[in-house]
Amino acid sequence: MVSWDPRIEELPPAELERLQYKLLKTLVYRLYSFSPFYHQRMRDHGVHPDDIGELADVRKLPFMFKSDLRDNYPDRLFVASQDELVRYHVSSGTTGKPTVVGYTARDIEAWTTSLARALTSCGLGRGDVMQVSYGYGLFTGGLGLHYGAERIGATVIPTSVGNTERQIELMQDLRATAIACTPSYLLHMGEAAEKMGVSIKNDTHLRTAILGAEPWSEQMRNRIQDWLGVKAYDIYGTSELYGPLFCECSEQKGIHIWGDLALVEVIDPHSEEAVAPGERGELTITMLQKEALPMIRFRIGDITTLVTDTCPCGRTHPRITRIQGRVDDMLIIRGINVFPSQIEHALMGIPQVGQHFQIVVDRQHELDTLLIRVEVHPDAFSDRITDLMKIKQLITSRLRSALNVAADVELAEPGSLPRFEGKAKRVVDRRKI
Amino acid sequence: MMETKKFVIKQISIFSENRPGRLAAISRALEEDAINILAFTIAEADGFGVVRALVDHSEKAYEKLTSMGFMVHFTDVIAVRMKDEPGGLYEIARILGDSQVNIDYAYAYTGKDAAVLILRVDNVDQAIQTLRSQGVMLMESSFFQ
């Protein structure tokens, strides 16, 4: 295994925690002293920097939300003055105002370092040619990966997005070995290449894909890897945290979150307490070294699971699993958190089930009911009621063990469930609360 | 080896949700293409059912219903002419039971000429041979076309 910075990446967990505590303590004092926003927020919350006596005391600190950034548009949360900034990025913001993120030189350095470690951990380095097909500009993807790839000595082809045929020509002509883009864009490139008579698997040197900036699944990974002949890695980050930052290592067993840069918690979005290890919850991140726009317990709204055992790669930093949904999508059924993505995942593992399903939530006699309507795969249709009942029972028991809450299952006629273009709205919540 | 093929009848089985209007949708589709239903039954389970029907043009019915998005399946059944008198069903059931043929399901209709029992069995060939060897009359598939 090659590491960018083995001294930090393989730091014994106890030492890593000591380092995190030191950084947290410094951060909290700094913000209490220099940020009117955090000063007020901490006072309102009844917490003083002196209350932070160990790492676990991070839980005493107030949360921060995306809405805080919007409410303080454009730069009222910045702790650095404008002359200390070397760059702005602006995220489009699907609801309301955009979010502006400022970077000091040290912010860019920390961001680049994070990606240098991440890209090295998936086997990239000097000699690689990386095509950066994320958008360049206000979006963080393009420039972020660009700096990270240059830092590890790779050769960057800054193609940005669009003009797919040209991208494929350059991929071949400049012998790109790696690509960074969204998973859906890579699939689109694969199709466009085939139309040009080019097989990415056989006719290019591409062997690594760094994919992120949108949700994707393990099934999609398998398809990309098999079809395009690349190893596909999940990369994570949001503009508020610099941009894309953390990636899976060559083990592909979770995304390493560099503990000296970020303190990660996974909490129940409603109780706001930490979930038990291995359980899903909302990703909450404290950026330990961020200068211009600090983030304490920032609730991103992404759902994930924390993995704390040491990765076979030897890196000691905590990992998170692939993002499994958004908090906004979460349903609470009889007090249990249920994510549509869990249901989708459970159903996809059952060959007798077709592609479409619908989740209907209702309330009867003060009790929540969860109904999953699924289309039977035509190949699995049988004339025998007992065969169909067996399929129904199989679905019921798989859902039960995946969700920890009982769901009713209804077999639906093919084509009877609503189809969606783009983002599917599979949930119908009829509860009137 | 007795010729059994001509006695094997293609029944269409249609998956249907158990809610108002589904049977109407199926039967209307058949009516539109002038397909006649000769016999039918509904097997009902929790929330869904399977409509089973003998029609005069099974391929046409299959295409029509499939094009409308229905899940349709061909199932091999046999049609036995029963005596329309006490013991008529017993005779058939006994013969099949004696030869260890299991009946998965059955439905019957009484026509102008005779009572007809539609049978779905686990061993179609054996059922045909046994019944014929015991003098039971089976309807040929061409009868339903």
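The values are calculated or read from the model by the stated rules, or taken from the named source; none is laboratory data. What you see is a predicted model; the values in this text were computed from it and never measured. Positions of Cβ are backbone-derived with ideal geometry, glycine not excepted, and every protein chain shown enters the neighbour counts. Side chains included, ligands, DNA and RNA excluded: accessible areas come from the protein's heavy atoms. Shrake-Rupley method; radii C 1.70, N 1.55, O 1.52, S 1.80 Å.
At-a-glance table
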quantity: Subset of the stretch B:1-30 [open to solvent by 50 Å² or more (accessible area, probe 1.4 Å) and under 16 Å from B:S58 (Cβ atoms)]; calculated: B:K5, B:K6, B:K10
quantity: Members of the stretch B:1-19 that are assigned to a loop (DSSP other than H, G, I, E, B) and within 14 Å of chain A (Cβ to nearest Cβ); calculated: B:N18, B:R19
quantity: Pairs where the first residue, in the stretch A:202-218, is closer than 14 Å to A:G237 by Cα and the second is in a loop (DSSP other than H, G, I, E, B), C-beta under 6 Å, 6+ apart; calculated: A:A213/A:T182; A:E214/A:T182; A:P215/A:I323
quantity: Odd one out for A:S397, checked against (1) more than 10 Å from every other protein chain (Cβ to nearest Cβ); (2) surrounded by 15 or more Cβ atoms within 10 Å (Cβ to Cβ); calculated: (2)
quantity: Residue in the stretch A:358-374 that is without any contact (Cβ under 8 Å) to a residue 24 or more places away in the chain, within 14 Å of chain B (Cβ to nearest Cβ) and of a type in the set (V, I, T) present; calculated: no
quantity: Scope the stretch B:7-24; condition of a type in the set (A, V, I, L, M) and touching a residue at least 40 places away in the same chain (Cβ under 8 Å); matching residues; calculated: B:V8, B:I9, B:I12, B:I14
quantity: Out of A:L31, A:L23, A:L19, sole residue that is out of contact with any helix residue (DSSP H, G or I) (no Cβ under 7 Å at 6 or more places or on another chain), at pLDDT 95 or above, in the same structural domain as A:S121 (by TED's automatic domain parsing) and within 28 Å of A:S91 (Cα to Cα); calculated: A:L23
quantity: Residue within the stretch A:199-209 that is at positive phi and either surrounded by fewer than 23 Cβ atoms within 10 Å (Cβ to Cβ) or not assigned by TED's automatic domain parsing to the domain that holds A:L347 (or both) present; calculated: no
quantity: Residue match in the stretch A:211-221 (condition: assigned by TED's automatic domain parsing to the domain that holds A:E10, modelled with pLDDT of 95 or more and under 26 Å from A:M330 (Cα atoms)); calculated: yes
quantity: Filtered residues of the stretch B:97-129 (kept if closer than 14 Å to B:R81 by Cα and away from chain A (no Cβ under 14 Å)); calculated: B:A108, B:Y109, B:T110, B:G111, B:K112, B:D113, B:A114, B:A115, B:V116, B:L117, B:A127, B:I128
quantity: A:F339 crowded, with 20+ Cβ neighbours inside 10 Å, among the aromatic types (F, W, Y) and under 12 Å from A:R426 (Cβ atoms); calculated: no
quantity: The stretch A:135-166: number of residues that are farther than 19 Å from A:T113 by Cβ and in contact (Cβ under 8 Å) with a residue 40 or more places away in the chain; calculated: 2
quantity: Enumeration of residues in the stretch A:148-163 that are closer than 17 Å to A:A213 by Cβ and touching a helix residue (DSSP H, G or I) at 6+ places or on another chain (Cβ under 8 Å); calculated: A:G148, A:A149, A:P158, A:T159, A:S160, A:V161
quantity: Given (1) more than 14 Å from chain B (Cβ to nearest Cβ); (2) outside any loop (DSSP other than H, G, I, E, B), number of the condition A:R431 does not satisfy; calculated: (2)
quantity: Qualifying position, being open to solvent by 80 Å² or more (accessible area, probe 1.4 Å) and more than 26 Å from A:T112 (Cα to Cα), among A:K97, A:K22; calculated: A:K97
quantity: Conditions (1) assigned by TED's automatic domain parsing to the domain that holds A:A412; (2) at pLDDT below 90; (3) not charged (D, E, K, R): number failed by A:T310; calculated: (1)
quantity: Residues of the stretch B:108-145 satisfying the condition of being part of a strand (DSSP E or B) and surrounded by 19 or more Cβ atoms within 10 Å (Cβ to Cβ); calculated: B:V116, B:L117, B:I118, B:L119, B:R120, B:V121, B:L138
quantity: Single residue of the stretch B:62-79 satisfying the filter (under 15 Å from the mean Cα position of the chain (by Cα) and away from chain A (no Cβ under 13 Å)) that is surrounded by the fewest Cβ atoms within 10 Å (Cβ to Cβ); calculated: B:I78
quantity: A:V264 being out of contact with any His (no Cβ under 7 Å at 6 or more places or on another chain) and part of a strand (DSSP E or B); calculated: yes
quantity: Candidates A:G243, A:G278, A:G254, A:G229 - the one that is over 23 Å from A:R117 (Cα atoms), in contact with a strand residue (DSSP E or B) (Cβ under 7 Å, 6 or more places away or on another chain) and assigned by TED's automatic domain parsing to the domain that holds A:D107; calculated: A:G278
quantity: Sole residue being within 14 Å of another protein chain (Cβ to nearest Cβ) and either exposed (fewer than 15 other Cβ atoms within 10 Å of the Cβ) or not acidic (D, E) (or both), chosen from B:D33, B:D46; calculated: B:D46
quantity: Hits in the stretch A:400-418 - residues which are within 12 Å of chain B (Cβ to nearest Cβ) and either open to solvent by 60 Å² or more (accessible area, probe 1.4 Å) or assigned to a strand (DSSP E or B) (or both); calculated: A:D408, A:V409, A:E410, A:L411, A:A412
quantity: Boolean, B:E59 is out of contact with any strand residue (DSSP E or B) (no Cβ under 6 Å at 6 or more places or on another chain) and within 11 Å of chain A (Cβ to nearest Cβ); calculated: no
quantity: Criterion: open to solvent by 40 Å² or more (accessible area, probe 1.4 Å), in contact with an Asp or Glu (Cβ under 7 Å, 6 or more places away or on another chain) and more than 14 Å from chain B (Cβ to nearest Cβ) - qualifying residue of A:R426, A:R334, A:R384; calculated: A:R334
